[in-house]
């Protein structure tokens, strides 16, 4: 039996500074963390001022979409129930309500749509038929203009008398 001795190389378990590598903690230094934080704060300072107007425009877009959905719902309910439905706004323009026009005792059971504290709506009809927008059982509605306003600006919306679709006229 030939036994050969294979020399093994042993590496030192100590690093350049004399510490054991197994005991050395790994992580970032305080300087590295501070540099990353400064970069993040600088990027946020550049981006943040541009977000305000976009958020307010998104609120106008959202309110216009909710008004369109509510108008379509009112038209559909008027056709299905074969009863006229009226869409009205609260005095301050924050809430939009749906109810039956004929007032035969039953309620539509529709919750008011809250536009939020910063948005207001005003209804401007082309005809003078009461206070709200009337959706007839044949699916038609009087042509109506809505003025939607917020702190960032206003938007004029038109309610199509045939399709009951709300479209934006100007932004």
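Each reported figure results from applying straightforward, stated rules to the coordinates on display, with no laboratory input. Since we're looking at a predicted model, the values are computed, not measured. Glycine gets a Cβ as well: all are built from the backbone with ideal geometry, and neighbour counts include every protein chain shown.
Here are some notes:
- Gained length - residue 122 relative to residue 145, 0.36 nm times residue gap less alpha-carbon distance: 7.4 nm
- Globularity index of the range 51-170, i.e. its alpha-carbon radius of gyration over 2.2 N^0.38 Å: 1.04
- FRET efficiency for the pair residue 28 and residue 90, taken as 1/(1 + (r/R0)^6) with r the Cβ-Cβ distance and R0 = 45 Å, rounds to 0.20.
- Between residue 76 and residue 58, the modelled labels are 2.6 nm apart [label points 7 Å from Cα along Cα→Cβ].
- Ranked by how many other Cβ atoms sit within 10 Å of their own Cβ, fewest first, the residues 95, 135, 146 fall in the order 95, 146, 135.
- When you restrict to C-alpha pairs under 8 Å that are six or more residues apart and normalise by the size of the range 51-170, the relative contact order lands at 26 percent.
- Neighbour-count order for 83, 75, 54, fewest beta carbons within 10 angstrom listed first: 54, 83, 75
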